[in-house]
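**Student:** Mind looking over this structure? Questions follow.
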Amino acid sequence: MGFKEGFLWGGAVAAHQLEGAWKEGGKGVSVADVMTAGDNITKTPRKITDGVIEGESYPNHAGMDFYHHYKEDLALCAEMGFKSFRTSIAWTRIFPNGDDEFPNEEGLQYYDDMIDEMLKLGIEPIITLSHFELPFNLAKKYNGFMDRRCIQFYEKYARTCFERYKGKVKYWLTINEINNQAEWRKMGAHHIIQVGAVLVKEGDDVEAIMYESAHNELLASAVAVKACHEIDPDAKVGCMIGMNGVYPASAKPEDNLNAQQAMHQKYYFADVHARGHYPSYMLKKFERKGYDFIKEEDLQILEEGKVDFISFSYYMSFASQFTNRFGRTFDFSEEDYIRNEYLKASDWGWQIDPTGLRWCLNWFNDRYELPMIIVENGFGAYDKVIERTEEGYIIDDSYRIEYLKEHIKAMKEAVEYDGVDLFGYQMWSPIDVVSASTGEYDKRYGLIYVNYNDKHEGDFSRDKKKSFFWYKKVIESNGTDLD
Ligand code: BGP
């Protein structure tokens, strides 16, 4: 019973949200570098500017200064007993413009040192190749993944990383939350630029753009999987899906079918990654809409680039109601989401649903029967600094402990009762980071506090929260001591 030996307990971060040093070490400008700070209180969304504009505030430029603090941060993770650490490589540290002829040695060396540091501490690196930080030049010059040349640029970047870190990195993830963009109706251009560096203009057919650029991203992922298998046969490559299951609002058959269609629309990406081909329901949709971007030769590329495992993030669940918006086609729109009266939500409206994690683990398992790892799960909150306690913490984040505890319990049930093949759990994020959706510093997820805030006060010093000590015990006991 319980988690297997060597279970990869740990935490996950992303380069653009943590590293800062946006101009150091030969780094180029990424799409994250042109995203301004938003604000949850005033409901101000992040803006994507046309390059870096003076007078605007870009939180990813400083991040949490992990670039200079990574040794200290990794040592703190090791103190908690981390078995794994997930971060991403910033594409722009390796190929500053995305289409450069040669890689930037300083960037390659930086990650060499960071990965060596993890290995020295007995921490398994899990590396994401693309986590919302594509070169901005690819967006400007090619309109990102709308242009098939970006598949080659991504392949070159991926091959460079596989060759350089061969034998050191055993787990790679191709594209972070590739499926987020399926929610383009709610998020607009935001996710499409984050995932694919595609700039959407007024009057564009966003739906057509989303499906076509996503297809090219799926091809890029497949090409990378194949390349990794050739270069380092011992390494494994996974997809990364942003998983937040959709429940029907009621037992009404139409609500049920609508929720199923929502799952199709949001998660067909996983079908392509894991099965190597599009599911029939998507091919039918493309036929209905007259999309013809899938070429004959693409089929083999997808078939040869099936992933070895599934990785996913899980924060919340959704519920949807049939509104007849699209009639009997049951095409889904996230505008049909309703508030789930059985769930509480965070200050950002994210509905807290630990049971849903077990549901999602089973959904993946039933469909693909592949090994799985949870690479993000956590609670964003406004933390309050208190006097240092005798135990040594300065934040009492019992709410975060509660969230993580209940989710770990649900994941344990999925392992013990449902027999899902789970090889790791990484909470998001061990260190406070800049929020991806809002660009806020004050939306904190960390077990480790970073002294910096939305008012740009602080010195980036690190300190422990109550959850730091709790998670250490969880790992020490391999998930048996959750109190
Ligand atoms: C996922 C992203 C992460 C991360 C997390 C929390 O969507 O992969 O990059 O940020 O969500 O989201 P946020 O930072 O918006 O609270």
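**Student:** Cβ under 15 Å from Ser320's Cβ, Ser320 left aside: what net charge do those residues give with Lys, Arg +1 and Asp, Glu -1?
**Tutor:** Once all neighbours under 15 Å are counted, the net charge is -3.
**Student:** Hey, what D do you get for segment 112-155 in µm²/s if you plug the Kirkwood alpha-carbon radius into Stokes-Einstein at 4 °C and 1.567 mPa s?
**Tutor:** It diffuses with D of about 103 µm²/s by this estimate.
**Student:** To continue, here is another question. Taking the highest mean first, how do the peptides 213-224, 266-277, 168-179 order by number of other beta carbon atoms within 10 angstrom per residue?
**Tutor:** 213-224, 168-179, 266-277
**Student:** Further, regarding this structure: Per residue, what volume in Å³ does the convex hull of the Cα atoms of segment 100-224 enclose?
**Tutor:** Considering the Cα atoms of segment 100-224, their hull volume per residue is 106 Å³.
**Student:** Continuing with the same structure: So, how do all the Cα-to-Cα distances of segment 1-113 break down into 5 Å bins, in percent, from 0 on up?
**Tutor:** In order of increasing distance, the bins hold 2, 10, 17, 19, 16, 13, 11, 6, 4, 1, 0, 0 percent.
**Student:** Using only alpha carbons, build the gyration tensor for segment 294-353 and give me the equivalent ellipsoid semi-axes, biggest first, whole Å.
**Tutor:** 33, 22, 8
**Student:** Still on this model: Can you tell which of Asn97, Tyr67, Ile53 lies farthest toward the positive end of the dipole of segment 48-109, using +1 and -1 charges on the Cβ of basic and acidic side chains (Lys, Arg; Asp, Glu)?
**Tutor:** My answer, from the dipole projection, is Tyr67.
**Student:** Oh, and also: About its Cα centre, what dipole magnitude does the chain give when the only charges are +1 on Lys and Arg Cβ and -1 on Asp and Glu Cβ, stated in debye to the nearest 20?
**Tutor:** That gives a dipole near 640 debye.
**Student:** Any chance you could check the Cα centroid distance between segment 29-96 and segment 262-285 for me, in angstrom?
**Tutor:** 31 Å
**Student:** For the peptides 397-407, 309-319, what is the packing order when you average, over each peptide's residues, the other Cβ atoms within 10 Å and list the highest mean first?
**Tutor:** 309-319, 397-407
**Student:** Here's a follow-up. May I have the pair-distance distribution P(r) for segment 179-274, computed from all Cα-Cα distances with 10 Å bins from 0 and rounded to whole percent?
**Tutor:** 14, 38, 30, 15, 3, 0
**Student:** To the nearest 20 Debye, how big is the dipole of segment 152-265 about its Cα centre, given +1 on the beta carbon of each Lys and Arg and -1 on that of each Asp and Glu?
**Tutor:** Dipole magnitude for segment 152-265 comes out near 560 debye.
**Student:** Please give the Cα centre distance for segment 132-200 versus segment 407-483, rounded to the nearest Å.
**Tutor:** Between the Cα centre of segment 132-200 and that of segment 407-483, the gap is 26 Å.
**Student:** Now for a different question. Leaving out ligands, DNA and RNA, what percent of the accessible area of the chain is carbon and sulfur, probe 1.4 Å?
**Tutor:** Answer for the chain: carbon and sulfur cover 49 percent of the accessible area.
**Student:** So how exposed is Arg339, as accessible area in Å² (1.4 Å probe, rounded to 10)?
**Tutor:** Accessible area, nearest 10 Å²: 140 Å².
**Student:** Something else now. What does the accessible area per residue of the chain come to in Å², with a 1.4 Å probe and no ligands, DNA or RNA counted?
**Tutor:** The answer is 38 Å² per residue.
**Student:** Taking just the alpha-carbon atoms of the chain, what radius of gyration and Dmax come out, in angstrom?
**Tutor:** Cα-based Rg and Dmax for the chain come out at 21.1, 66 Å.
**Student:** Okay, moving on. With a cap of 11 neighbouring Cβ atoms within 10 Å, and only residues DSSP puts in a loop, list the trypsin sites (Lys or Arg not before Pro) found in segment 428-480.
**Tutor:** Lys455
**Student:** Within 10 Å of each candidate Cβ there may be at most 14 other Cβ atoms; applying that plus a DSSP loop requirement, which GluC sites (Glu not before Pro) in segment 438-483 survive?
**Tutor:** Here the GluC sites (Glu not before Pro) that fit, given the DSSP loop and packing criteria, are Glu457.
**Student:** For segment 287-390, go through all pairs of different Cα atoms, get the mean of 1/r, take its inverse, and jot down that Kirkwood value in Å.
**Tutor:** Final number for the Kirkwood radius of segment 287-390 is 18.1 Å.
**Student:** Sticking with this one: Counting other Cβ atoms within 10 Å, which GluC sites (Glu not before Pro) in segment 93-162 have at most 12 and lie in a DSSP loop?
**Tutor:** Glu101
The values are calculated or read from the model by the stated rules, or taken from the named source; none is laboratory data. Computed from a predicted model, the values in this text were never measured in an experiment. Virtual Cβ from ideal backbone geometry, glycine too; neighbours counted across all protein chains shown. Accessible surface is based on the protein model in full, side chains and every heavy atom, while ligands, DNA and RNA are left aside. Shrake-Rupley method; radii C 1.70, N 1.55, O 1.52, S 1.80 Å.
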